[in-house]
Amino acid sequence: RVEQGTVRVVDAGGASPTLPFWLGEAPARTDELADAVSALRSLVDTEIGRGGQASAVDAVRQHSGVDGRSAAEVVAYLGAARDELGLLPTKTDVVVERFSQ
């Protein structure tokens, strides 16, 4: 169950796995948008690894044309995900979550 700021998970008791509900959003995404999201995530992931957050902010500004504050917010958001996941998901890098007791 998903609540504000909380996702509650219980043992499925041997039931077959199902696809998460948020997968339903993906079909509305065009190939061009999916490519752009993937490219931006890849850019941020590479730049954080190479030169840190400041380098990633500069790269996002140059790549997208947004102002510094917007670029910093994008990098902070994606950087937090990268810190938790170890990488950012793209069209070539898939993140799989696993839960065990």
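The values are calculated or read from the model by the stated rules, or taken from the named source; none is laboratory data. The structure displayed is predicted, hence computed values, not measured ones. So basically every Cβ, Gly included, is an ideal-geometry build from the backbone, and we count neighbours across all protein chains shown. Note: accessible area is taken over every heavy atom of the protein model, side chains too, but ligands, DNA and RNA are not part of it. Shrake-Rupley method; radii C 1.70, N 1.55, O 1.52, S 1.80 Å.
Could you give me the ³J(HN,Hα) list for the stretch 87-98, computed from phi with Karplus coefficients 6.51, -1.76, 1.60 and θ = phi - 60°, whole Hz, x at Gly and Pro?
Taking θ as phi minus 60°, the curve returns 6, 9, x, 9, 5, 10, 10, 10, 9, 10, 9, 9 Hz for the stretch 87-98.
Karplus couplings for the stretch 49-65 from phi (6.51 cos²θ - 1.76 cosθ + 1.60, θ = phi - 60°), rounded to Hz, Gly and Pro as x?
Those phi angles translate into x, 7, x, x, 4, 4, 5, 5, 4, 4, 5, 5, 4, 5, 5, 10, x Hz.
For the chain, what relative contact order do you get, as a whole percent, if you take Cα pairs closer than 8 Å and at least 6 residues apart?
22
Give me the net charge for the shell around V44: Cβ to Cβ below 13 angstrom, other residues only, Lys and Arg +1, Asp and Glu -1.
Within the 13 Å Cβ shell, the charges total -2.
Quick one: accessible area per residue over the chain, 1.4 Å probe, rounded to a whole number of Å²?
For the chain, the per-residue accessible area is 79 Å².
For the chain, what % of the accessible area comes from carbon and sulfur atoms, probe 1.4 Å?
52
Which one, L40, G79, T30, projects farthest toward the positive side of the charge dipole computed for the chain from Cβ point charges (K/R +1, D/E -1)?
G79
Once fully extended, how much extra length lies between S70 and L33, figured as 0.36 nm per residue of separation less the alpha-carbon to alpha-carbon distance?
So the extension gain works out to 11.4 nm.
Order 74-82, 40-48, 86-94, 7-15 from most to least packed using the mean count of other Cβ atoms within 10 Å.
In descending order of packing, they fall as 40-48, 74-82, 86-94, 7-15.
Taking the simple approach of a point 7 Å from Cα along Cα-to-Cβ for both D58 and Q101, what is their distance in nm?
In this crude spin-label approximation the distance works out to 5.1 nm.
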